[in-house]
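The values are calculated or read from the model by the stated rules, or taken from the named source; none is laboratory data. Everything numeric here is computed off the predicted structure, so don't read it as measured data. Don't worry about glycine lacking a Cβ; one is built from the backbone with ideal geometry, like all the others, and counts go over all protein chains shown. Keep in mind that these areas ignore ligands, DNA and RNA; they rest on the heavy atoms of the full protein, side chains included. Shrake-Rupley method; radii C 1.70, N 1.55, O 1.52, S 1.80 Å.
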Amino acid sequence: MIGGHLIGGHWEVVVVGGRIAGASTAWALAPYAERVLVLDASRPTAFWPQQSTWDRSGNLAWSELGLLETVLACGAPRTYGDTQRVGGEVVERVYPREDAYSFRMSVPREVLDPALLAAARSRGNVTVARPARVRDVTIEAGRVRAATVRHGAVDSQVTCDLLVLADGRLSRNAERVGASAYRVVESPWFALLAYYEKLPLPTDRSYFSLQDRSVLISTPCGDGQWCVAVDLHQSLIDETGQHPARSFERLVRDDPYLGPAVGAGRRSTPIGGAGRMRMLRRPMSGPGWCLVGDAGYHLDPVTAQGTRAALVTARILRDRIAGAGGVRGADLTGLTDERDDALDDDWAYTEQIVRG
């Protein structure tokens, strides 16, 4: 029993995954369902250095879902420009002030994800179970009808009108419902990051260093906190023979802008990262199921477009269900084409960088 509700039984919507895509979808669908269950495999105390970054288009996407105030309350500074170093040339940029959404923002995921889950819970009809994992999916007459959920060392049968998969690019459940990838791009990039404190850097602008086969980014992301991220091309790792974390430390230390600042502050987390991730597209929907976020549409993080893509998929699903007046009876055909059209520029830009 979680929050006074039994896990087993029937829920109009079951969302698998409680991070950006899953929590945002639960929030967005709650007005159109009686009961929404979010299943998240992680523990509330789980931590890994990871951030989410977006610009004006992302702010608009948060606003369309009604979650912008939740995001702003996370306390990350807004940046209105950046310093770019390309080779040896340095350029100072100011972002165009089109409207109130014209700023860039980076929020640590261990701050953002709980805030989004709390917002979803505040709807009153959203229940979150964690750690909870889907062990199997039941398909009857060609339609998803139920899932077997492991929670608290107990397996429960959960039936639903709609199963939303927001469990990431490695989703096993996507394969269980028959959503095989139909476009895959192998990436040669390795992404790493760590958090730093008390850096003598401005809090209203970011820093980008684009060098041969590497991208170094520093962004303020909290009160006295900065996220430093490095994207390394696999060929550079192979050439130097260094562990990626060593390459991270070397690039940060040797950077003429960031190196002195890091020397005056301190790194507050381990260096985390992942490499050679596949960009992929899976079908967005089928009978009784839908994929949001990385589960259906994964963009390599080198271009920082993944957050907006997750929000766009959540909004597309919400709009279709809202148009039908509720979850039951909503026709989800055609969502794949709608999503691909909406995110075509993001995909093309990211694939160009990955293949380049």
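Here is how the numbers come out for the structure above:
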read-out: Per-peptide average of other Cβ atoms within 10 Å, ordering 319-327, 214-222 highest first; value: 214-222, 319-327
read-out: Size-normalised alpha-carbon gyration radius of the chain, reference 2.2 N^0.38 Å; value: 1.01
read-out: Rotationally averaged projected area of the stretch 143-244 (alpha carbon convex hull; nm²); value: 11.9 nm²
read-out: Most to least accessible of H298, H151 (protein chains only, probe 1.4 Å); value: H151, H298
read-out: Cα convex hull of the stretch 239-288 - mean projected area over all directions, nm²; value: 6.8 nm²
read-out: The stretch 125-142-the stretch 229-307 distance, computed between alpha-carbon centres (Å); value: 30 Å
read-out: Kirkwood Rh in Å, taken over all unlike Cα pairs in the stretch 1-144; value: 17.3 Å
read-out: Spatial separation of Cα centroids for the stretch 315-340 and the stretch 8-61, in angstrom; value: 17 Å
read-out: Rel. contact order, % - alpha carbon contacts under 8 angstrom, at least six apart, the chain; value: 22 percent
read-out: Charge sum, other residues only, whose C-beta stays under 12 Å from D294's C-beta, Lys/Arg counted +1 and Asp/Glu -1; value: +3
read-out: Solvent exposure ordering (accessible area, 1.4 Å, most first) of R121, R150; value: R121, R150
read-out: Whole-Å semi-axes of the stretch 217-347's equivalent ellipsoid (Cα gyration tensor); value: 40, 18, 11
read-out: Contact order normalised by residue count of the stretch 87-241, Cα under 8 Å, 6+ apart, percent; value: 16 percent
read-out: V94, V13, ranked by accessible area, largest first (probe 1.4 Å); value: V94, V13
read-out: Length gained when the stretch R123-R267 is fully extended (0.36 nm per residue, less Cα-Cα span); value: 48.1 nm
read-out: Sum of -39500 (n - 2.57) over DSSP H runs of 4+, divided by residues of the chain (222 nm, nearest 500); value: -8500 deg cm²/dmol
read-out: Area of L232 that stays accessible when all protein chains are in place (1.4 Å probe, Å², to 10); value: 0 Å²
read-out: Taking N as its residue count, the alpha carbon Rg of the stretch 159-199 over 2.2 N^0.38 Å; value: 1.89
read-out: Measure of compaction for the stretch 74-169 (Cα Rg per 2.2 N^0.38 Å); value: 1.74
read-out: Long-range tail of P(r) for the stretch 264-322 (Cα pairs > 17 Å, %); value: 51 percent
read-out: For the stretch 22-76, the fraction of alpha-carbon pairs in successive 10 Å shells from zero, as %; value: 17, 42, 36, 4
read-out: For R56, net neighbour charge (Lys/Arg +1, Asp/Glu -1) across residues whose Cβ lies under 12 Å away; value: +1
read-out: Amide H partners (placed H, <5 Å) of V38, local residues excluded; value: V15, T127, V128, A129
read-out: In Hz, Karplus ³J(HN,Hα) per residue of the stretch 148-154 (6.51, -1.76, 1.60; θ = phi - 60°; x = Gly, Pro); value: 9, 10, 9, 8, x, 6, 10
read-out: Trypsin sites (Lys or Arg not before Pro) restricted to the stretch 160-204 and DSSP loop, no more than 15 other C-beta within 10 Å; value: K198
read-out: Simple spin-label estimate for D331 and Q352 in nanometres, 7 Å along Cα-Cβ; value: 3.7 nm
read-out: Over the stretch 304-356 - Rg/Rh using Cα atoms and the Kirkwood inverse-distance radius; value: 1.11
read-out: Protein accessible area in the chain, 1.4 Å probe - carbon and sulfur %; value: 48 percent
read-out: Low-density loop cleavage sites - GluC sites (Glu not before Pro) in the stretch 24-84, where at most 15 other Cβ are within 10 Å (DSSP); value: E34
